[in-house]
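Taking it in order: structure first as structure tokens, then the write-up.
The values are calculated or read from the model by the stated rules, or taken from the named source; none is laboratory data. Keep in mind that what you see is a predicted model, and the values were worked out from it rather than measured. Using ideal geometry, Cβ is built from the backbone for each residue, glycine included, and neighbour counts are taken over all protein chains shown. Ligands, DNA and RNA are excluded from the accessible area calculation, which covers all protein heavy atoms including side chains. Shrake-Rupley method; radii C 1.70, N 1.55, O 1.52, S 1.80 Å.
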Amino acid sequence: MKKTNISLAILAALPLLAHAEHEGTVHLDEVQVTAEKPKASLTQPGIEVAKENLSKTAGGTTVVDMATVREGRTSNIQDTLGMATGVLAQSRFGAEETRLSIRGSGLQRTFHGRGLKLMQDGIAVNLADGGFDFPAIDPMATDYIEVYRGANALQYGSTNLGGSINFISRTGYTAPALEIRSEGGSYGYYRLGISTGGVKDDVDYFVTASKYHTDSFRDNAQQSADRLTGNVGIKINDQVETRFYFGYVNNDSQLSSSLTKAQLKDNPRQATVIPGQGINQRDINLTRLANKTTIQFDHSKLELGAFYSRKSLYHPIGNFGDTTGVIDQESDDIGLTARWAHLGELFGLKNEFVAGLAPTKGRTDAKNFVNVNARRGALLNNFDQKATNFEAYLEDRLSLDEQWTVIAGVQYARSKRDSQDQLITASGNQSVDKTYSQTSPKLGVLYQLQPQVQLFANASRSFEPPSFGELNSLVVTSLNAQKGTTFEIGSRGNSEFIDWDVALYHARLQDELLAVAAAGSPVATQTINAGKTIHRGAEFGLTARLPYSLQWRSSLLINDFKLDNDATYGSNRLPGMQRSLLRAELVYRGSDVLENFYIGPTIEWSPQRYNVDFAETVYADSYFLWGVKAGQKVNQHWSWFVEGRNLANQKYAATTGVARNQNGADGALFLPGDGRTAYLGVTWNY
């Protein structure tokens, strides 16, 4: 609401008051006086600024508004990013652990992700070895999300195949003074969060605490998490602001076993437990501190950042050799960032220039024990792991005229992975000490076809060194870094009736890091370099505003990932990923009497079966899920939602493991998705 000046209102009313002495009572229009928060933070740009910045990119980018996400359940990364263009997010069994992939990055990971650079407010969330943990991000603390697909994330120093996802935190400028949100539903699910934010003089703050629990659809899959997240910003003057971030999460997860397809069709809730090993678990305790300082000049901006994180991992997973059993790790990671952006002229043309540095360093005390009923038995191995990275990048955006813009960039990355075996066993010395480096260029062009319509194309190189999870897998090998070249074309735009975001890409990779199940293991415990592979596909995001207050929103992925003349498997498809996936909703958004009310069906459709082994002998079946959601923002204080998912109670595999060659035999490679579920949520803010 527009701020009203009390003095001006009184002065404007004086003539009317004088006239009232002769004409009787005068009824004045109501004057409402509201206190507005000061202007937005320097360190945290608003969502409209973010949309404008991403529209300057010659490639696929997306902004996810968390206000839309909060119209339904916000339990895991699939809820948060499942409708984001170009993002595949599939929860293993309703848990926070998710197969998160863009353009086939981290293709077969369903836990402890890799292949993407996750950031919080432009500062890396990844550990120094490149891996990241899904529970590190609290959706209750997020204002919006920026998704940079592929090399479009170079402006933040990322050259992974998949790109980068940047979670922008709520601040005292954007959060309500007090908010309480409660969600509950099937199989003992609940999430309760309380947050507060505000601004006082030159200081703003935001703090949220949340508790999450679910007994889960699957047996032996109970999940719980306690979180405390927040930030404090200090505006030193109109050009300088510094912000301190803190985050704590204690996440305990039981990991339900994979099933054979026959078991999935019979009873997808069941889970097997190997005698003497107990229920598999993945328990994480993570503390993260960070700072970001922004200094604005007339035509430039300098961003300085730093972070420290400490993580404890307790992970009983099974007994499959020297490097599994109970994984017990303590790690410390630190990193710095410096990013300079300048708006000026070059050869008399409008020019934007970005340069940055991002060194990181981490050390992990990684021990492995025999699994004795999910407790530590005899010590199997002890690794002292050190990871260091140095990234330097430049990107220049030159506007040739009102329509044509050329973007060129380059990144140099040097990474060291040093894993020293402190306990030599019969398997021999499993130490690894490798250094990886690459210079990755990028060239793109952006064409403004109409004021609201853009066309783009780019070519780029990608680079990803292995994490310790790959280097110290069941069979320790000296892995090469994954490298590739990607070509991309696409378009984005909006009109009164439709918004779209479309991209086509073709990537040729060398030494792709792929996980496979070794002999005797029901899970993918070994990582290999796959030689030459091809990733190509299409990404479609669409929002259509239809007659009768209807809105269609959808995200469609088409994936074609193959080996390239492999000596054993020829040009077979890479296993473990849906060939296509559509998520969509058709929602009525009421007006007048039903103001701020919404209701409509939701769908998730994987129309083709896809292979789960390299030899293409065993497949996960196609599936179609449908549900319904409804809700309303009743007033400025109250809102609610109800949501039903998989209402037909379909039995399907949400994700799978992968194998080399099943020879057509059924195997324990399938992780069932949730059956029929229902959820209710209520939010109150002040």
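Only one of (1) more than 25 Å from the chain's Cα centre (by Cα); (2) open to solvent by less than 60 Å² (accessible area, probe 1.4 Å); (3) not hydrophobic (A, V, I, L, M, F, W, C) is not met by Asn635, so which one is it?
Result: Asn635 fails condition (2) only.
For Trp640, all conditions in the list (1) modelled with pLDDT of 95 or more; (2) outside any strand (DSSP E or B) hold save one; what is the number of the exception?
Only one criterion in (1) modelled with pLDDT of 95 or more; (2) outside any strand (DSSP E or B) is unmet by Trp640, namely (2).
Any idea how many residues of the stretch 95-121 are at positive phi and either surrounded by fewer than 24 Cβ atoms within 10 Å (Cβ to Cβ) or charged (D, E, K, R) (or both)? It would help to see each step written out before you state the result.
Residues of the stretch 95-121 at positive phi: 103-104, 106, 112, 115, 121.
Narrowing the set further to residues that are either surrounded by fewer than 24 Cβ atoms within 10 Å (Cβ to Cβ) or charged (D, E, K, R) (or both) leaves 103, 112, 121.
Qualifying residue count, the stretch 95-121: 3.
Of all residues in the stretch 162-180 being in a strand (DSSP E or B), open to solvent by 10 Å² or more (accessible area, probe 1.4 Å) and touching a Ser or Thr at 6+ places or on another chain (Cβ under 6 Å), which is farthest from Asp133 (Cα to Cα)?
Leu178
Filter the stretch 516-530 down to the residues that are open to solvent by 20 Å² or more (accessible area, probe 1.4 Å) and part of a strand (DSSP E or B), then identify the one that is modelled with the lowest pLDDT.
Per the stated criteria, the residue is Gln526.
Here's a check for you: in the stretch 49-77, which residue that is among the charged types (D, E, K, R) and in a helix (DSSP H, G or I) is surrounded by the fewest Cβ atoms within 10 Å (Cβ to Cβ)?
First pass over the stretch 49-77, keeping only residues among the charged types (D, E, K, R): 51-52, 56, 65, 70-71, 73.
Now drop any that are not in a helix (DSSP H, G or I), which leaves 51-52.
Values: Lys51: 16, Glu52: 12.
Within the stretch 49-77, the match that is surrounded by the fewest Cβ atoms within 10 Å (Cβ to Cβ) is Glu52.
Looking at the stretch 564-585, I want the residues that are closer than 15 Å to Ala89 by Cβ and in contact (Cβ under 8 Å) with a residue 40 or more places away in the chain and have a partner that is among the small types (Gly, Ala, Ser) and open to solvent by 10 Å² or more (accessible area, probe 1.4 Å) with Cβ atoms under 7 Å, at least 6 apart or on another chain. Which pairs are those?
Listed pairs, sorted by first residue: Arg583/Ser554.
Quick one: Asp501 ticks every box in (1) touching a Gly at 6+ places or on another chain (Cβ under 7 Å); (2) modelled with pLDDT under 95; (3) charged (D, E, K, R) except a single one, so which number is it?
Looking at each condition in turn, Asp501 falls short on (2).
So, in the stretch 359-368, exactly how many residues are open to solvent by less than 60 Å² (accessible area, probe 1.4 Å) and either modelled with pLDDT of 95 or more or touching a Phe, Trp or Tyr at 6+ places or on another chain (Cβ under 7 Å) (or both)?
As a first pass, look at the stretch 359-368 and keep what is open to solvent by less than 60 Å² (accessible area, probe 1.4 Å): 359-360, 362, 364, 366-368.
Those still in the list that are either modelled with pLDDT of 95 or more or touching a Phe, Trp or Tyr at 6+ places or on another chain (Cβ under 7 Å) (or both) too: 359-360, 362, 364, 366.
The qualifying residues number 5.
From the list Thr617, Thr533, pick out the single residue that is in a strand (DSSP E or B), closer than 30 Å to Pro466 by Cα and either in contact (Cβ under 8 Å) with a residue 40 or more places away in the chain or acidic (Asp, Glu) (or both).
Details: Thr617 fails: in a strand (DSSP E or B).
Criteria check complete, one pass: Thr533.
Residue check: is Gly644 on the phi > 0 side of the Ramachandran plot, out of contact with any Asp or Glu (no Cβ under 9 Å at 6 or more places or on another chain) and of a type outside the set (A, V, I, L, M, F, W, C)?
Numbers: on the phi > 0 side of the Ramachandran plot: no; out of contact with any Asp or Glu (no Cβ under 9 Å at 6 or more places or on another chain): yes; of a type outside the set (A, V, I, L, M, F, W, C): yes.
Considered against the rule, which asks whether it is on the phi > 0 side of the Ramachandran plot, out of contact with any Asp or Glu (no Cβ under 9 Å at 6 or more places or on another chain) and of a type outside the set (A, V, I, L, M, F, W, C), Gly644 comes out as no.
Those residues that are modelled with pLDDT of 90 or more and either under 20 Å from the mean Cα position of the chain (by Cα) or not in a loop (DSSP other than H, G, I, E, B) (or both), I need them from the stretch 578-596; list them, please.
Taking the stretch 578-596 first, the residues modelled with pLDDT of 90 or more are 578-589.
Hits for the stretch 578-596 are Gln578, Ser580, Leu581, Leu582, Arg583, Ala584, Glu585, Leu586, Val587, Tyr588, Arg589.
Residue-by-condition table, conditions (1) open to solvent by 50 Å² or more (accessible area, probe 1.4 Å); (2) without any contact (Cβ under 8 Å) to a residue 12 or more places away in the chain; (3) in contact with a Leu (Cβ under 9 Å, 6 or more places away or on another chain):
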{"site": "His299", "(1), (2), (3)": "yes, no, yes"}
{"site": "Glu303", "(1), (2), (3)": "no, no, no"}
{"site": "Lys311", "(1), (2), (3)": "no, no, yes"}
{"site": "Thr324", "(1), (2), (3)": "no, no, yes"}
{"site": "Gln329", "(1), (2), (3)": "no, no, yes"}
{"site": "Ile334", "(1), (2), (3)": "yes, no, no"}
{"site": "Arg339", "(1), (2), (3)": "no, no, yes"}
{"site": "His342", "(1), (2), (3)": "yes, no, no"}
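Looking only at residues that are aromatic (Phe, Trp, Tyr) and more than 26 Å from Val658 (Cα to Cα) in the stretch 531-564, which one is modelled with the lowest pLDDT?
Filtering the stretch 531-564 down to residues aromatic (Phe, Trp, Tyr) leaves 540, 548, 552, 561.
Remaining after also requiring more than 26 Å from Val658 (Cα to Cα): 540, 548, 552.
Details: Phe540: 97, Tyr548: 90, Trp552: 97.
Per the stated criteria, the residue is Tyr548.
Being assigned to a loop (DSSP other than H, G, I, E, B) and either closer than 30 Å to Gly233 by Cα or in contact (Cβ under 8 Å) with a residue 60 or more places away in the chain (or both) narrows it down to one of Ile295, Ile274, Ile279, so name that one.
Values: Ile295 fails: assigned to a loop (DSSP other than H, G, I, E, B); Ile274 fails: either closer than 30 Å to Gly233 by Cα or in contact (Cβ under 8 Å) with a residue 60 or more places away in the chain (or both).
Result of the check over Ile295, Ile274, Ile279: Ile279.
From the set of residues in the stretch 531-570 that are over 23 Å from Leu582 (Cα atoms) and of a type in the set (A, V, I, L, M, F, W, C), which is surrounded by the fewest Cβ atoms within 10 Å (Cβ to Cβ)?
Among those residues, the one meeting the criterion is Ala567.
When the stretch 369-378 is examined, which residues are found to be surrounded by fewer than 16 Cβ atoms within 10 Å (Cβ to Cβ) and not basic (Lys, Arg)?
Within the stretch 369-378, the first condition is being surrounded by fewer than 16 Cβ atoms within 10 Å (Cβ to Cβ), and the residues that meet it are 373, 375, 377-378.
Those that are surrounded by fewer than 16 Cβ atoms within 10 Å (Cβ to Cβ) and not basic (Lys, Arg): Asn373, Gly377, Ala378.
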